[in-house]
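All of the numbers you see were taken from the coordinates with simple rules; none came from a lab. Bear in mind the structure is a predicted one, so any value in this text is a computation, not a measurement. Virtual Cβ from ideal backbone geometry, glycine too; neighbours counted across all protein chains shown.
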Amino acid sequence: MRPFKPHNPVPPVGMTEALGQSEAFLSFQERLSRVAPVHRPVLLIGERGTGKELAASRLHFLSGRWQGPLVALNCSALTPTLIGSELFGYEKGAFSGADRRRIGRFEAADGGTLFLDEIGNIPMEVQEKILRTVEYGTFERVGSSESLEVDVRIIAATNADLPDLVAKGMFKSDLLDRLSFEVLFLPRLKDREEDILLLVNHFAARMAFELGREDIPHFTSEAVRALEIHSWPGNVRELKNVVERAVYRSDDSLITDIVFDPFHSPYGTYGPPKADASPSEKMDRLMRDLMEKPLKKAVKILEIFRMKQAIGESRHNQRKAARMLGMTYHQLRGLYRKYRDDL
């Protein structure tokens, strides 16, 4: 097929580094490397911030198509009516505003790889056209009856439960079968505990270089502990933001202040009250607050918190509460007298 060069070329996906030494990370990379040379679709499943786009890049550059184009489309960033024209292109006059021919992502990725992010958001009518393209390697631009051939490998990514969407009639089972030659699950950052400090040092050094600083940043033991016990719901992307923010806010190379929530106001809560947080969210919030307070104040807050928790769970049975806290009854009584007014 003779390629048509678009007026605005589709930007390719970049290739960046992947860092890790944990068993979960290395196992994922081994599976990725094994399937990369195989010319079949791959489905990437992972939470936000786990690196689905990076994994797609590695799949492409480790394949025999590495010299061809790698083209991406975030399916959640477009309205259902636009996804079809973005994927398959359109002819001049195909609809209002179509003042020139434009090629789609399939055509731009000919001879290479097409990365479809958030594929669970694609409407059913477009899924049918994707299925035909995957099966036969042909499609038509919007507003044209001419059949075009393409040689494209598809890599799709999502955080949605696609089998559940199939059961609900929101995703075509035939398309899911076609796309899931191999399904790779990206590990969450909390499943890669051994990688946290490696990534912290990497992002910190890179941020210091960007700021023109000569000294390599390092973190206090309290800061390291806070980074290690955080649950990281935003995974590596959240870690990168937290570390870079800590480096740029610090006046020297010793990092002491870790801010996990940039929306935490020192002046109180704004807006309508939020729904009750989960226990893990409450614990994360407590640990963030403790890291921002002097040591004696933090110890007092933690002791009061644990006493309230134990006394409540034991239904005010102080001997049972003492056992839960790993204390003797008399030690608990001493703490109780100390903080009576705060309990």
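Principal axis extents of the Cα atoms in segment 23-187, from largest to smallest and rounded to whole angstrom, are 54, 39, 27. So for the chain: antiparallel DSSP bridges make up what percent, rounded to the nearest 5? Of the beta bridges lying entirely in the chain, close to 15 percent run antiparallel. Extension gain, Thr256 to His218, is 12.8 nm, computed as 0.36 nm per intervening residue step minus the present C-alpha separation.
Computed extension gain for Arg333 through Leu165, at 0.36 nm per residue and net of the alpha carbon distance, reaches 54.9 nm. At an R0 of 45 angstrom, the distance between the Cβ atoms of Ser27 and Arg323 translates into a FRET efficiency of 0.65. The orientation-averaged projected area of the convex hull spanned by the Cα atoms of segment 189-267 comes to 5.3 nm².
Subtracting the Cα-Cα distance of His39 and Leu19 from 0.36 nm times their residue separation leaves 4.6 nm of extension gain.
Each peptide among 50-62, 212-224, 107-119, 132-144 gets the average number of other Cβ atoms lying within 10 Å of its residues, and from highest to lowest they stand as 107-119, 50-62, 132-144, 212-224. Checking the table Lys168/Lys190; Lys129/Lys168; Lys52/Lys92; Lys92/Lys172; Lys172/Lys240; Lys129/Lys240 against a 29 Å threshold on Cα-Cα, which pairs fail? Lys168/Lys190; Lys52/Lys92; Lys92/Lys172; Lys172/Lys240; Lys129/Lys240, as the Cα separations exceed 29 Å there.
Karplus-based coupling profile of segment 180-195, in residue order and whole Hz: 9, 3, 9, 10, 10, 9, 7, x, 6, 5, 6, 8, 10, 4, 5, 8, with θ = phi - 60° in 6.51 cos²θ - 1.76 cosθ + 1.60 and x standing for Gly or Pro.
Here Lys338 is the anchor, and the lysines within straight C-alpha reach of less than 24 Å, apart from those fewer than 8 places off in the same chain, are Lys293, Lys296, Lys297, Lys300, Lys308, Lys320. Amide H contacts for Phe185 (H built 1.01 Å from N in the peptide plane; partners 5 or more residues away or on another chain; cut-off under 5 Å): Ile45. Restricting the GluC sites (Glu not before Pro) of segment 152-210 to loop positions (DSSP other than H, G, I, E, B) with no more than 10 neighbouring Cβ atoms within 10 Å leaves nothing.
Placing +1 on each Lys and Arg Cβ and -1 on each Asp and Glu Cβ, with no other charges, gives segment 23-187 a dipole about its Cα centre of roughly 260 debye.
Note on the chain: Cα convex hull, mean projected area over all directions, 24.3 nm². Considering helices alone, the calculated mean residue ellipticity of the chain at 222 nm is -13000 deg cm²/dmol, with DSSP H runs of length four and up weighted by -39500 (n - 2.57) and normalised per residue. With Cα atoms defining each centre, segment 30-61 and segment 154-205 are spaced 9 Å apart in the structure.
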